[in-house]
Structures are given as C-alpha cells and as structure tokens.
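Participant: Pasting a structure here, questions to come.
The values are calculated or read from the model by the stated rules, or taken from the named source; none is laboratory data. In this text, all values refer to a predicted model and were calculated from it rather than measured experimentally. Cβ atoms come from the backbone with ideal geometry, glycine included; neighbour counts cover every protein chain shown. When the accessible area is computed, the model is the full protein with side chains, heavy atoms only, and any ligands, DNA or RNA have been set aside. Shrake-Rupley method; radii C 1.70, N 1.55, O 1.52, S 1.80 Å.
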Amino acid sequence: CSHLKVTTDYTMKMKIAFIKKTMKFHEEREIWSSTEIPGIDDINPGFLKKDFKTGIPDLDEMIQKQMEEQKKIGFPLKVITRATQMNRKGKAVNESTNTMTVIKIKSKNFPGSFFEIPANYDHVNGPWEKKKLF
C-alpha cells in the first residue's frame, strides 16, 4: 500500500451580475492506495479514464492533472479529505472532513445483459450540458 498526502490550494473568483465574490479553497487529502489489487487491470481503465469535464478550462486542467497522478498510485483504498473554504480575507467559513474506506473487494461475474442499455432509455440533458436552442 502506498500512502501519500496531497495539498491543493486555489482561488475562485466569480462575478454574477454586478456582484464580485472571491473564495479561497484549501484541501488536504491523505490517500492509501495499491496497485496490487486482484483485477486492478480491469478496474483502473474504466475508473481512471473517465472524461470528467466541467466546461471551465482551468478547473478541467486541474482535474486532468489529478487523474494523471491517480493512475500512478493505483486504486484508492482509503482517502481522508479535509477541506476548508475561506473568504477573501482568509477567514475560514466552511470546514469539512470526509473519509472513504474500501471494506471489501470481491470478484463477481455479471451476464452481458447487465450492461445493456434498456430499450425504454431516454437521454435527458442535465443542467451542465449545453442546451439546443433551435
């Protein structure tokens, strides 16, 4: 198991109508991960090659860099994330701690039909997707 600590700091500036807002974010993540998990070669390609896009170029670049780093360390077995949101003056306005722990991993075979898209499936645009105007 590998153990690493990742610290991320960034500032987000928003302008809504005539209101400007600046928020600072600080995040510390401790990750315990392994490349020695049975079946990891089957798990990682689908798990780590997702196309996570927000439409915000700088944020998308940061996410892509984090995904590239994640490939090197393997599958996360435990992650502790401590996040702090600060106002423009550096005063903490929101703090949180989240822990994710893998308790059990097991192999299971699913029939091909499990992965088929249902006949009554209808794609609905989410709020993050561009809407067609015409």
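Participant: Checking Ile37 against (1) modelled with pLDDT of 85 or more; (2) over 18 Å from the mean Cα position of the chain (by Cα); (3) surrounded by 12 or more Cβ atoms within 10 Å (Cβ to Cβ), which single condition isn't satisfied?
Facilitator: Only one criterion in (1) modelled with pLDDT of 85 or more; (2) over 18 Å from the mean Cα position of the chain (by Cα); (3) surrounded by 12 or more Cβ atoms within 10 Å (Cβ to Cβ) is unmet by Ile37, namely (1).
Participant: Given the structure, is Phe52 within 25 Å of Ser2 (Cα to Cα) and modelled with pLDDT under 80?
Facilitator: Working: within 25 Å of Ser2 (Cα to Cα): yes; modelled with pLDDT under 80: yes.
So Phe52 fits the description; yes.
Participant: For segment 55-66, which residues satisfy the criterion of being open to solvent by 30 Å² or more (accessible area, probe 1.4 Å) and either without any contact (Cβ under 8 Å) to a residue 24 or more places away in the chain or within 21 Å of Ser2 (Cβ to Cβ) (or both)? Even if it seems obvious, please write down each step before you answer.
Facilitator: Applying the first criterion (open to solvent by 30 Å² or more (accessible area, probe 1.4 Å)) to segment 55-66 yields 55-59, 61-66.
If the condition is that a residue be open to solvent by 30 Å² or more (accessible area, probe 1.4 Å) and either without any contact (Cβ under 8 Å) to a residue 24 or more places away in the chain or within 21 Å of Ser2 (Cβ to Cβ) (or both), then Ile56, Pro57, Asp58, Leu59, Glu61, Ile63, Gln64, Lys65, Gln66 are the ones that fit.
Participant: Filter segment 19-39 for residues that are of a type in the set (Ser, Thr, Tyr) and not in a strand (DSSP E or B) and give the result. Even if it seems obvious, please write down each step before you answer.
Facilitator: Narrowing segment 19-39 to residues of a type in the set (Ser, Thr, Tyr): 22, 33-35.
Once the filter is applied, which keeps residues that are of a type in the set (Ser, Thr, Tyr) and not in a strand (DSSP E or B), segment 19-39 yields only Thr35.
Participant: Oh, and also: Of all residues in segment 85-125, count the ones that are part of a loop (DSSP other than H, G, I, E, B), under 22 Å from Phe75 (Cβ atoms) and of a type outside the set (Val, Ile, Thr).
Facilitator: Kept after step one, since they are part of a loop (DSSP other than H, G, I, E, B), are these residues of segment 85-125: 87-91, 102-111, 116-125.
Keeping just the survivors that are under 22 Å from Phe75 (Cβ atoms) gives 102-110.
Now narrow it down to the ones that are of a type outside the set (Val, Ile, Thr): 104, 106-110.
The qualifying residues number 6.
Participant: Does segment 72-94 hold any residues that are farther than 19 Å from Ile105 by Cα, modelled with pLDDT under 85 and under 19 Å from the mean Cα position of the chain (by Cα), and which are they?
Facilitator: Lys72, the sole residue that qualifies.
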